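> Let me begin by handing over the structure; questions about it come next.
The values are calculated or read from the model by the stated rules, or taken from the named source; none is laboratory data. No experiment lies behind these values; they were computed from the predicted model shown. Note: ideal-geometry Cβ built from the backbone for every residue, glycine included; neighbour counts use all protein chains shown. Side chains included, ligands, DNA and RNA excluded: accessible areas come from the protein's heavy atoms. Shrake-Rupley method; radii C 1.70, N 1.55, O 1.52, S 1.80 Å.
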Amino acid sequence: IMDCCGLLTLQKEPVPLKSIEVELEVRDHVATVVSTLNYENKEDKPLEAVFVFPLPGDAAVCHFSAQIGQTQIVAEVKEKQKAREEYDDALSSGQQAFLLEESDESPDIFSLRVGSLPPAESASIRLEYVTELAVQADDGLRFCLPGVLNPRYQPQDSEDPLFQVTSVPASLVPYSLSFSARVSSPRLVSKVESNCSLDPLQYLNTDQTQATVKLAAGHKFDRDVELLIYYKDAHQPTAVVEAGQASAEPGSLMGDPVVMVSLYPEFPQSVMSSTASCGEFVFLVDRSGSMDCATNNTEQQETRISSAKDTLLLLLKSLPMGCYFNIYSFGSSYEHIFPSVSVEYGEKTMEEALKKVEQMKADLGGTEILESLKHIYSQPCIPTQPRQLFVFTDGEVGNTKEVIDLVKKNSGSHRCFSFGIGEGASSALINGMAKEGGGHAQFITGTDRMQPKVMQSLHFSLQPAVEDVSVTWDLPKGSTITVLSPPITSLFQGQRSLIYAQLTGQVGAASSHTVNLLDLLDNNFTIVHFAFHRLAARTLICLLEMEAENNEEKEEVKKKVVQLSVQSGVSSSFTAFIVVNTDNNKEIQGPLLKGILLCNFSSKFSSSQLPDEEFPPAKKPLRDPLLQLVSLQKASGCWLLDPALAAALRKTNEEVEKSNSEVWATILALIWLHGFKMDAKDEWELLAAKAVSWLSAQKAPSVTECVEAGNILLGCSVQKTALGL
């Protein structure tokens, strides 16, 4: 395998991939993606090329076809080894062939082998997949078209060659990208945002439930294309029925209708105003060499590790008294601040943790997260203290599937919140960990700040959950339902759950019935790509793949996976798509040139490639005034009246020394936050609530006078009620 990016012949000639066209169709919470790759062999000899590219980890690849000249060939799904042998046999006999398969170790990496493309011949490859869109903390649905496949850090015992690559600048990417999206939902489409320039959103109907948008002309595929879709009444539950495939056998998964139920609850404010005062909070921070790179494209060039340290400051100041916590960091090895077991949160343990956080550097080598997770999960949970895991990483790992499976295996004992830092963070890893861990996934890209997104997730983790959730189905007479998704045992504020179920029997009148008091919408609507059916099949395939890993009858389970994969036309770890052009009567003559193309367009580097000192240095920005003030807060929630507080408030000691009172100091801090930092309220809301609780417990008689005096001193006009006092 060549160790440089780009589809190259042995003579280092330019790649034959000319353009990529991507069409996105979003239906409520599910997306169908159609990618067309256009090749041209300008060599005077036949060519074999490999295109390696990332997909969402839970994507279901459901169509693969090739058009060579006027000939259209649709791929078949076959057992992986059999498909590989067919491909090799076709090339040996001079036939054209195409093979699409996922990596054995990372479900978000696919390789497409284009074999025996004759001289001066063009080929068009069409690839379709369906995927669930991840929900962000601000209710947006996130679609990401990766423009970066960062070099993956591989454990030493791995031999997968797909990751042994380097990166090149985006200016060398030799082909064009066109991208368009169509969005439709039972709900109104409020807006569509992107980190790239878009043409204006075009609504297709007066209800504004359907819209289209395109990438603006001139886009260079030098970064991920991120789309955020927002619906009005996003928390309203929906159920959409998709008719079965006419050509499929009745009673089979593809032949029967499938319903997708979307649950994304918003609990009453009276319920959410109470936050948990207990819990075990475990923070796992990436300290690989790449964390020394700049966080985003702002002028100050803050490094990822310094941003993570500032975020840990806010997290530690916001934890409730009486909870437990620990901080782990990982690279090629892992460390933890306290001995393996988490410690009770208080002034002493908080200060000890902050001192060690301040000393953190991006100096632990590569990105190997698995062993640190194994260690965390090996520690016994603390009774009555629900475990919440927060994972911060900018990296890509080669064993994504193994990491996600480990989170899933331990999902009954914790929730997992994951944060992808910078362009190219693996969406499969970040989304997969959060999905299987019942938490939130957040991505910090472009000019995003890490702190508000992380604090949103902490806020969710502190809120109560609805337990003992059950789904009841009120169906037409003569119909039955088979739920295909794992059972939902609890629901949290901000957590989205999708349920897939197979409907059998008389379901023609389904639109007049309910599913757990949900209207069945669009009963007559049929998605051409059978997105719900494919994702339901993918759900079953994933469950069977997990079962195969821990089952003595692995071969029998594998047969079930292959059978379901073939019937549904959905990819799996045990199957591959194979196309052989048997219509080509002319044997292709000449030696076969080989090349490889990796969708890997960033000029960034992985920690496994360069020593830490070779990462481009980032400028150290001045300490943020907000963080300066927050750093002075005590674990109990109060502030002390001292010169450091005066400096943070930009006042002299004489000006703030009204009285030597912690009450006065804490009120001053709260007024400053409300008066000057309302735009960053997400970052300090929880620690301010802790300060208010502390003040209330003091039962101080002079609160009103302190608020009035504080407003005069700071030049603010914050009402006492606005402070929560």
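> With just the Cα atoms defining each centre, how far is segment 689-725 from segment 47-126? Give it in Å.
Using only Cα atoms, the two centres lie 67 Å from each other.
> At 10 °C and a viscosity of 1.306 mPa s, what translational diffusion coefficient does Stokes-Einstein give for segment 625-723, taking Rh as the Kirkwood radius over Cα pairs? Give it in µm²/s as a whole number.
Once the numbers are plugged in, D ends up at 120 µm²/s.
> Here's another thing I want to ask about it. What are the extents of the Cα atoms of segment 664-715 along their three principal axes, in Å, largest first?
Answer, in whole Å and largest first: 30, 26, 12 Å.
> With +1 on each Lys and Arg Cβ and -1 on each Asp and Glu Cβ, and nothing else charged, work out how big the dipole of segment 322-479 is about its Cα centre, in Debye to the nearest 20.
With only Lys, Arg, Asp and Glu charged at Cβ, the dipole is about 280 debye.
> Can you work out the base-10 log of I(q)/I(0) for segment 55-124 at q = 0.12, 0.13, 0.17 1/Å, using the Debye formula on its C-alpha atoms alone?
Log10 I(q)/I(0), no solvent term: -0.35, -0.42, -0.70.
> Would you grab the residues whose amide H sits under 5 Å from the one on Phe390? Only those 5+ places off in sequence or on another chain, please, with H modelled 1.01 Å from N.
Distant-sequence amide H within range of Phe390: Val282, Phe283, Leu284, Phe417.
> Still on this structure: Between Val469 and residues 5 or more places away or on another chain, which pairs have amide H atoms under 5 Å apart, with H built 1.01 Å from N, and which residues are they?
The answer is Ser490.
> Once the other residues with Cβ under 15 Å from the Cβ of Tyr230 are scored (Lys, Arg +1; Asp, Glu -1), what is the net sum?
-2
> Could you list, bin by bin from short to long, the percent of Cα-Cα pairs of segment 275-463 in 5 Å steps?
1, 8, 18, 23, 23, 17, 8, 2, 0, 0
> Okay, moving on. Can you work out the Karplus-derived ³J(HN,Hα) for every residue in segment 124-138? Use 6.51 cos²θ - 1.76 cosθ + 1.60 with θ = phi - 60°, whole Hz, and x for glycine or proline.
10, 9, 10, 10, 10, 8, 10, 7, 7, 8, 6, 8, 8, 5, 8
> Would you pull out the residues with amide H under 5 Å of Thr575's amide H, same chain only if 5 or more places away, H placed 1.01 Å from N?
Here Lys80 satisfy the definition.
> Below 8 Å, C-alpha to C-alpha, sequence gap of six or more: please give me the relative contact order for segment 625-723 in percent.
31 percent
> Same structure, new question: What percentage of the solvent-accessible surface of segment 275-463, computed with a 1.4 Å probe over protein heavy atoms, is contributed by carbon and sulfur atoms?
Roughly 51 percent, rounded to a whole number.
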